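The values are calculated or read from the model by the stated rules, or taken from the named source; none is laboratory data. From a predicted model like this one, the values you see are computed outputs, not experimental measurements. Here the Cβ is made from the backbone with ideal geometry for all residues, glycine too, and neighbour counts use every protein chain on show.
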Amino acid sequence: MRFFKIIYDKCNVGVLRETKRGLRMHSRIGPTVEDVALIRHELFDGLSKERIYQRQKFPIPVINNASVRAKRTALFQEEKERQFNEVGRIEKIDVEFQGEPEGKVTLMMNKGISTPFHVAQHLSELHVKRSIVAETNGQLWDMNRPLEDNSKLRFLHMKMKDEDPFQVNRVFWRSCSMMLGYVAERAFQDHIYVELHSFPPPNVRSGSFIYDVDIKLKDWRPNSDEMRVFSGEFRKLVEAELQFERLEVHQDLASKIFEDNQYKKQQIPIIASGSPTGNTVIIYRIGDFVDISKGPLMSNTSQVSRATVASLIPLDTNISPTLYRFQGVALPADFLLNHFAWGLIENRGKKMNSAKIPGGSESANEQGTQNIDSNKRIEASG
């Protein structure tokens, strides 16, 4: 015996269509509790008048951020597995670690497979949690990047004594910019197709990390609650404890991965031509979010503690009338700061970052910042 139930499903263009759902069931027992719960969910939870109205008014485009993310991460994973399979016969390498509290330790690791993160796991949980980036043979190295040869390894973190934190700070801020792109792409509803443009090299003195984003909304002025949503999404990303995964790919594959982003697609040939090989691009993945960065980036999103998306500023540029500068501030994990001091950092992050504006002048200097219409500046607190 077969039981049919008419249910309604929303299609991508906002028009309702009828579909038949068949439930196989025993003639005596009838539908299970799970079957009934599923039907009830499909009928009532997804068909409120407000949801239907929103979908009709704002139909989801064929190309949307969710589908593009799924495609990008699938291509990333496929290439990652291909490169792993090319490693072939496993070779051993000697990794000499020098640091506190272990002193000098030599470990035998797998070439092209083992990463500094794996070395940290062999040593202590302290190294796993606090190490922002590694240094191998004097070169900065991602914690999740496979080691390629015998090496002398150090772990760098934010509380190193008697050592300049400049490079570690740059890695931290660069990573936060990429996390800001993750947030900007996810925070909007599906009918708004967000295109990330770029983020400049980190400048700690500027007071904020940034990402320039085309959100396809002209003269948008979010209220304070909407701005808090961005900060909330950032905190969710921190709590997710996602690794930064690095992959170096051919520019043809990079172009395919980012074919749905007009800006990245234009930037890829330029980036590839400046690489050591002349034809490769370095990309990173956080969860299912894939982006371009020369790196290195930090090990894990949980290495951020407090974070605020402080301001959202429309940019005066010939690139797009809907290009905005997202600006944020963050504090590394295990750093304590009172509310007043954090408020000062947030206020500093609201000021226009002087980094180069895409399609504009080389930089927004102090005089240029003063010329920005104060009505165009969108700020948030909390």
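Below are the figures for this structure:
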quantity	calculated
Contacts under 6 angstrom Cβ, first residue in region 111-132 being at positive phi and without any contact (Cβ under 8 Å) to a residue 60 or more places away in the chain, partner surrounded by fewer than 17 Cβ atoms within 10 Å (Cβ to Cβ) and of a type outside the set (Lys, Arg), 6 or more apart	GLY112/VAL87
Filter result for the condition that a residue is modelled with pLDDT of 95 or more and among the charged types (D, E, K, R), over ARG348, ARG325	ARG325
Criterion violated by LEU156 - all others in (1) in contact (Cβ under 8 Å) with a residue 40 or more places away in the chain; (2) touching a helix residue (DSSP H, G or I) at 6+ places or on another chain (Cβ under 6 Å) satisfied	(1)
Test: residue in region 333-345 that is surrounded by fewer than 20 Cβ atoms within 10 Å (Cβ to Cβ), among the aromatic types (Phe, Trp, Tyr) and assigned to a loop (DSSP other than H, G, I, E, B)	yes
Scan of region 194-221 for residues that are assigned to a loop (DSSP other than H, G, I, E, B), more than 15 Å from ILE313 (Cβ to Cβ) and either touching a strand residue (DSSP E or B) at 6+ places or on another chain (Cβ under 7 Å) or among the aromatic types (Phe, Trp, Tyr) (or both), ordered by number	VAL194, PRO202
Where SER305 falls short, out of the listed (1) closer than 30 Å to GLY278 by Cα; (2) surrounded by fewer than 23 Cβ atoms within 10 Å (Cβ to Cβ); (3) of a type in the set (Ser, Thr, Tyr)	(1)
Subset tally (residues that are of a type in the set (Asp, Glu) and surrounded by 13 or more Cβ atoms within 10 Å (Cβ to Cβ)) for region 68-89	1
Qualifying residue in region 299-306 (condition: closer than 20 Å to GLN77 by Cα and in contact with a helix residue (DSSP H, G or I) (Cβ under 7 Å, 6 or more places away or on another chain))	yes
Some residue of region 219-241 being out of contact with any helix residue (DSSP H, G or I) (no Cβ under 8 Å at 6 or more places or on another chain), under 30 Å from ILE270 (Cα atoms) and either assigned by TED's automatic domain parsing to the domain that holds GLN327 or in contact (Cβ under 8 Å) with a residue 12 or more places away in the chain (or both)	no
Pairs with Cβ under 8 Å, 6+ apart, first in region 195-209 and outside the structural domain of TRP173 (by TED's automatic domain parsing) and closer than 14 Å to ILE357 by Cα, second in a helix (DSSP H, G or I) and among the small types (Gly, Ala, Ser)	none
Looking only at region 265-316, and only at residues there that are farther than 24 Å from GLY359 by Cα and small (Gly, Ala, Ser), the one that is nearest to the chain's Cα centre (by Cα)	GLY287
Options ILE268, ILE313, ILE283: the member that is free of Cβ contacts under 8 Å to residues at least 40 places away in the same chain and crowded, with 17+ Cβ neighbours inside 10 Å	ILE268
Members of region 137-163 that are more than 27 Å from the chain's Cα centre (by Cα) and acidic (Asp, Glu)	ASP149, ASP162, GLU163
Enumeration of residues in region 198-216 that are of a type outside the set (A, V, I, L, M) and surrounded by fewer than 24 Cβ atoms within 10 Å (Cβ to Cβ)	SER198, PRO200, PRO201, PRO202, ASN203, ARG205, SER206, GLY207, ASP214, LYS216
